[in-house]
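Enquirer: Please read through the structure below; I'll follow up with questions.
The values are calculated or read from the model by the stated rules, or taken from the named source; none is laboratory data. Since this is a predicted model, take the numbers as computed values, not measurements. In this analysis, Cβ positions are derived from the backbone assuming ideal geometry, glycine residues included, and neighbour counts consider all displayed protein chains.
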Amino acid sequence: MPRYIAIADKPGLTAEAFSEALDRTGKWRFAKRAWIVKAYCVLDPGKLVIECEAQDKRQFTEWLDANGWSTPDVQRVDFVQEAGEVWPMRS
Amino acid sequence: MMAIPVEQLLTLGPDGMLKHDETPNVEQLRNAKQTYFEDVNVGDDLPRYVHRLSAPELARWCITMENTHRLHYDLAHAHNHDNLPGALFHGTWRMSIISKWLKDWSLPDGWFWKASWQVREMVTANETIALWGKVIDKQEYGKYGVVHVEFGMVNEEGWEGAPGAASVALPYRGGEPVPYPFTPPDA
């Protein structure tokens, strides 16, 4: 499945709001074939970086919208480096 | 004690579910009170086992089973190579948990005879899972009775991960233990 990354500026973001959006399986695995891989939260100034795997980009943007984290900056990822390995992302 | 209905359990959230775990400890198993064939009625719920499986526990099961597939313990590989939501709970561990649960229920003088089930859904580390089981039929034979059960293993969202059916032989009250080695009634 494709990997997407969203970068959003959300001033006023709180730890509670971030946790509440992701605190159980059904929230971060929000569809049978769509889930949040990793999410970064910077409280001040309020920035989110969220990785998602989904069959369709729209699934991810709808999830962002539902959490009040809409952003035009959602991109498809080509490569990931983690733990010393570079991984090509599948289409 | 009647197990909490699974539908009600799922309303409690992951932490609330864990409070209803009825998994017996070793001492309780050693002193298990026999469930007799006459004690069981169609529609009864089996004891509720609720688990939350951590990443180290998944790794320990890999070691136990000598199963070194990285999707069970290497999160980076699971994410980036296998495109999975996380390190996955093993199908063989589900088998083990189900077998233990049915064996525990029949102790000390009954016998978990047979079961079949499917492995469905991806369960990842830190999810909460609950075993559910319901008696759907019971049959009397010469020296023991057989109780038929349908069961499953749901996660905190109610996603069914192991739908199946089992047959458990239980002694009659005042009767003899189920013979060992076990001989199926139709053998």
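Enquirer: Where in the stretch A:16-84 are there strands (runs of 3 or more DSSP E), lying fully within it, with 1 or more residues that are farther than 18 Å from B:THR124 by Cβ, in contact (Cβ under 8 Å) with a residue 40 or more places away in the chain and over 11 Å from the mean Cα position of the chain (by Cα)?
Expert: Output list reads A:47-54, A:74-76, A:79-82.
Enquirer: Could you list all residues from the stretch B:10-27 that are within 14 Å of chain A (Cβ to nearest Cβ) and of a type outside the set (Asp, Glu)?
Expert: Those that are within 14 Å of chain A (Cβ to nearest Cβ) and of a type outside the set (Asp, Glu): B:LEU10, B:THR11, B:LEU12, B:GLY13, B:PRO14, B:GLY16, B:MET17, B:LEU18.
Enquirer: Sort out which residues of the stretch B:64-91 are under 21 Å from A:PRO88 (Cα atoms), among the hydrophobic types (A, V, I, L, M, F, W, C) and assigned to a loop (DSSP other than H, G, I, E, B), and write them in order of number.
Expert: Within the stretch B:64-91, B:LEU84, B:ALA87 meet the criteria.
Enquirer: Something else about it: Those residues that are within 12 Å of chain B (Cβ to nearest Cβ) and surrounded by fewer than 17 Cβ atoms within 10 Å (Cβ to Cβ), I need them from the stretch A:28-66; list them, please.
Expert: A:ALA31, A:LYS32, A:ARG33, A:LYS38, A:GLN55
Enquirer: For B:GLU7, which of the numbered conditions (1) surrounded by 13 or more Cβ atoms within 10 Å (Cβ to Cβ); (2) more than 14 Å from every other protein chain (Cβ to nearest Cβ); (3) not in a loop (DSSP other than H, G, I, E, B) fails to hold?
Expert: Here B:GLU7 clears every test but (1).
Enquirer: Under 30 Å from B:THR11 (Cβ atoms), at pLDDT 95 or above and more than 10 Å from chain B (Cβ to nearest Cβ): does that describe A:ALA6?
Expert: no
Enquirer: Select from the stretch B:114-153 the residues that are closer than 22 Å to B:GLY13 by Cα, among the small types (Gly, Ala, Ser) and part of a loop (DSSP other than H, G, I, E, B) and list them in ascending order.
Expert: If the condition is that a residue be closer than 22 Å to B:GLY13 by Cα, among the small types (Gly, Ala, Ser) and part of a loop (DSSP other than H, G, I, E, B), then B:ALA125 is the only one that fits.
Enquirer: Under the condition of being within 18 Å of the chain's Cα centre (by Cα) and β-branched (Val, Ile, Thr), which residue from the stretch B:1-39 is nearest to B:GLY175 (Cα to Cα)?
Expert: B:THR35
Enquirer: Specify the residue that is surrounded by the most Cβ atoms within 10 Å (Cβ to Cβ); the eligible residues are those in the stretch B:58-112 that are among the polar types (S, T, N, Q) and either without any contact (Cβ under 8 Å) to a residue 40 or more places away in the chain or more than 25 Å from B:PRO163 (Cα to Cα) (or both).
Expert: My answer is B:ASN80.
Enquirer: Give the stretch B:77-92 a look and list any residue that's more than 10 Å from every other protein chain (Cβ to nearest Cβ) and of a type in the set (S, T, N, Q), or say none.
Expert: B:THR92
Enquirer: Since B:GLY13 meets every condition but one in (1) surrounded by fewer than 16 Cβ atoms within 10 Å (Cβ to Cβ); (2) without any contact (Cβ under 8 Å) to a residue 12 or more places away in the chain; (3) not aliphatic (A, V, I, L, M), which condition does it not meet?
Expert: Status for B:GLY13: all satisfied but (2).
Enquirer: Taking the stretch B:39-57 as the search range and keeping residues that are hydrophobic (A, V, I, L, M, F, W, C) and surrounded by fewer than 17 Cβ atoms within 10 Å (Cβ to Cβ), which one is farthest from the other protein chains (Cβ to nearest Cβ)?
Expert: Restricting to residues being hydrophobic (A, V, I, L, M, F, W, C) and surrounded by fewer than 17 Cβ atoms within 10 Å (Cβ to Cβ), the top hit is B:VAL42.
Enquirer: Okay, next question. Can you name the residue in the stretch B:154-187 that is in a strand (DSSP E or B) and more than 14 Å from chain A (Cβ to nearest Cβ) and is also surrounded by the most Cβ atoms within 10 Å (Cβ to Cβ) among such residues?
Expert: The residue in question is B:VAL168.
Enquirer: May I ask you to list the residues in the stretch B:26-61 that are in a helix (DSSP H, G or I) and among the polar types (S, T, N, Q)?
Expert: Selection gives B:GLN28 alone.
Enquirer: While we're looking at this one, here's another question. Could you please find all residues in the stretch B:113-131 being surrounded by fewer than 22 Cβ atoms within 10 Å (Cβ to Cβ), farther than 12 Å from B:PRO185 by Cβ and away from chain A (no Cβ under 14 Å)?
Expert: Listed by number, the residues that qualify are B:ALA115, B:SER116, B:TRP117, B:GLN118, B:VAL119.
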